[in-house]
Amino acid sequence: MGNHSIEGVEAKEFSVLNCIDLSNPDINNSVSLLKQACLDSGQKMKLLRNEKHRGYTPVLDELLDPENQVHVGDYKEGYYIGVEVAEDDPEAQKPFYGPNVWPAEDFLPGWRETMEKFHRETIKVGKAVARIIALALDLDVDFFDKPEMLGEAIATLRLLHYAGQISNPSQGIYGAGAHSDFGLITLLATDDVLGLQICRDKDAKPQTWEYVAPLIGSFIVNLGDMLERWSNGVFKSTLHRVLGNEQERYSIAYFLEPSHDCLVECLPTCKSETNPPKFPPVLCRDYMNQRYKDTHADLKIYNNGLNLPADTS
C-alpha cells in the first residue's frame with residue numbers, strides 16, 4: 001500500500017486488526033482472535049503480571065467458574081498491586097510479597113503515588129471492618145490485628161475494567177464468573193454502571209441472583225472463604241459474579257488476607273462438642289497459592305505467543 005493521510009496525519013500502511021464475528025459458532029476461533037489482539041496491542045503486555053501476581057492481567061486470563069464458563073475465561077482485564085517489598089528484602093522471598101510492577105513515571109505521572117496512597121488508606125478501612133467482625137464472633141476487638149493475622153497482611157489492590165462484552169449465562173459468557181473471594185474480606189469500589197450480582201444462598205438449587213446497586217463513595221464488603229473457615233460456616237463467603245451489558249465498567253477490589261504463615265482454623269467461639277470444625281486447618285500461603293493456580297492462566301502461554309487450551313464443551 002502507499003501512503004495514506006487523514007486530516008494531515010500521514011501513515012504508510014493500514015493496521016491489520018483481528019475481526020471477530022460474534023455470529024460465528026466457532027467460539028474457539030473468536031477467543032483466539034480476541035486474546036491474540038490483546039497480546040499484540042498496546043503497552044499493557046509489557047507490564048504483564050509476574051509469578052507473584054503483580055501487574056497486568058489480560059482479558060480471559062482468569063477463569064473463576066469453570067463448571068459454567070464454557071468459553072475459557074472472564075471478559076475483564078485487571079492490574080494487581082500488592083504490599084511493596086524491596087527485592088533485596090528477605091520478606092520478598094514470600095510468595096505474595098515483593099516489588100510491584102509499575103509503568104514508567106513519564107508514561108503515567110503520579111499514578112504510582114496515587115495507587116500507593118490508596119493502598120495504605122484502604123488497609124485502614126479493612127482493619128476497621130475486621131474489628132467489627134471480631135466482635136460479632138465474640139472475639140477480642142483486636143483479634144485480627146495480631147502480627148500473624150493482619151499485622152503482616154497479604155493485601156492486594158486490583159483495578160478492574162470490563163470492556164462492555166454482553167454476558168450470557170446460558171452460553172457461559174460472563175464479565176466475571178461466579179466465585180467467592182479467597183481471604184478475610186474484600187472491599188469493592190465501583191463506578192455507577194450496574195453489573196455486580198450476589199447470590200445470598202449459594203447452596204440453593206437453583207441459585208437466585210440479585211443485582212447490587214452501585215454505592216458511589218462507599219465500599220461494598222464481600223466476605224471471603226477464610227472468614228467462612230474461621231467462623232465454621234457461621235459467616236458464609238459471598239458468592240458473586242459480574243454480568244456485562246454493553247457498557248464499560250470499572251471497579252477497584254481490595255483483597256485483605258492474613259499473613260503468609262497464618263494458620264486458618266476454626267475459632268474457639270465457633271465450635272463446640274455438638275458443632276465440631278467443618279474445615280481442616282490450612283496455612284494462608286498454601287491456600288492462596290492453590291486458589292491462584294486454580295483460577296489464573298499459566299504464565300507460560302504468554303511467553304511464546306498464544307497456546308489456548310482446547311474447548312472440550
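The values are calculated or read from the model by the stated rules, or taken from the named source; none is laboratory data. Small disclaimer: the values here were computed from a predicted structure and weren't measured. All Cβ positions, even for glycine, are placed from backbone atoms using ideal geometry, and neighbour counts span all protein chains on display. Please note that ligands, DNA and RNA were not included when accessible areas were found on the heavy atoms of the full protein model with its side chains. Shrake-Rupley method; radii C 1.70, N 1.55, O 1.52, S 1.80 Å.
Tabulated results
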read-out: LEU227 within 19 Å of PHE143 (Cα to Cα), at pLDDT 95 or above, in contact with a Leu (Cβ under 6 Å, 6 or more places away or on another chain) and assigned to a strand (DSSP E or B); value: no
read-out: Positions within segment 60-82 being touching a helix residue (DSSP H, G or I) at 6+ places or on another chain (Cβ under 6 Å), open to solvent by less than 20 Å² (accessible area, probe 1.4 Å) and either on the phi > 0 side of the Ramachandran plot or at pLDDT 90 or above (or both), in sequence order; value: LEU60, ILE81
read-out: Residue count, segment 151-180 (criterion: of a type in the set (A, V, I, L, M), touching a Phe, Trp or Tyr at 6+ places or on another chain (Cβ under 8 Å) and not in a strand (DSSP E or B)); value: 1
read-out: Positions within segment 222-241 being touching a helix residue (DSSP H, G or I) at 6+ places or on another chain (Cβ under 6 Å) and either more than 25 Å from PRO276 (Cβ to Cβ) or surrounded by fewer than 19 Cβ atoms within 10 Å (Cβ to Cβ) (or both), in sequence order; value: VAL234, PHE235, LYS236
read-out: Where ASP140 falls short, out of the listed (1) touching a residue at least 24 places away in the same chain (Cβ under 8 Å); (2) more than 22 Å from the chain's Cα centre (by Cα); value: (1)
read-out: Pairs where the first residue, in segment 259-278, is touching a residue at least 24 places away in the same chain (Cβ under 8 Å) and the second is open to solvent by 60 Å² or more (accessible area, probe 1.4 Å) and among the small types (Gly, Ala, Ser), C-beta under 6 Å, 6+ apart; value: none
read-out: Residues satisfying the stated conditions in segment 64-95, i.e. in contact with a Ser or Thr (Cβ under 6 Å, 6 or more places away or on another chain) and in a loop (DSSP other than H, G, I, E, B); value: LEU64, VAL70, GLY82
read-out: Pairs with Cβ under 7 Å, 6+ apart, first in segment 76-97 and under 18 Å from CYS262 (Cβ atoms), second in a loop (DSSP other than H, G, I, E, B) and of a type in the set (Phe, Trp, Tyr); value: GLY82/PHE96; VAL83/TYR97; VAL85/TYR97; GLU91/TYR97
read-out: Among (1) open to solvent by 20 Å² or more (accessible area, probe 1.4 Å); (2) under 16 Å from HIS53 (Cα atoms); (3) of a type in the set (Ser, Thr, Tyr) - the single one SER272 does not satisfy; value: (2)
read-out: Matching residues, segment 23-59, being open to solvent by 40 Å² or more (accessible area, probe 1.4 Å), more than 22 Å from ARG241 (Cβ to Cβ) and modelled with pLDDT under 75; value: SER23, ASN24, PRO25, ASP26, ASN28, ASN29, SER32, LEU33, GLN36, ASP40, SER41, GLY42
read-out: Residue within segment 118-128 that is outside any loop (DSSP other than H, G, I, E, B), buried (at least 16 other Cβ atoms within 10 Å of the Cβ) and of a type in the set (S, T, N, Q) present; value: yes
read-out: Leading residue by the ranking (least open to solvent (accessible area, probe 1.4 Å)) among those in segment 188-208 that are more than 17 Å from ARG249 (Cβ to Cβ) and out of contact with any Asp or Glu (no Cβ under 8 Å at 6 or more places or on another chain); value: ALA204
read-out: In segment 293-303, the residues that are buried (at least 16 other Cβ atoms within 10 Å of the Cβ) and either among the aromatic types (Phe, Trp, Tyr) or over 26 Å from LYS46 (Cβ atoms) (or both); value: TYR302
read-out: Single residue of GLY217, GLY244, GLY183 found to be among the small types (Gly, Ala, Ser), surrounded by 14 or more Cβ atoms within 10 Å (Cβ to Cβ), part of a loop (DSSP other than H, G, I, E, B) and out of contact with any helix residue (DSSP H, G or I) (no Cβ under 6 Å at 6 or more places or on another chain); value: GLY244
read-out: Members of segment 247-257 found to be of a type in the set (Asp, Glu) and crowded, with 21+ Cβ neighbours inside 10 Å, listed by number; value: GLU257
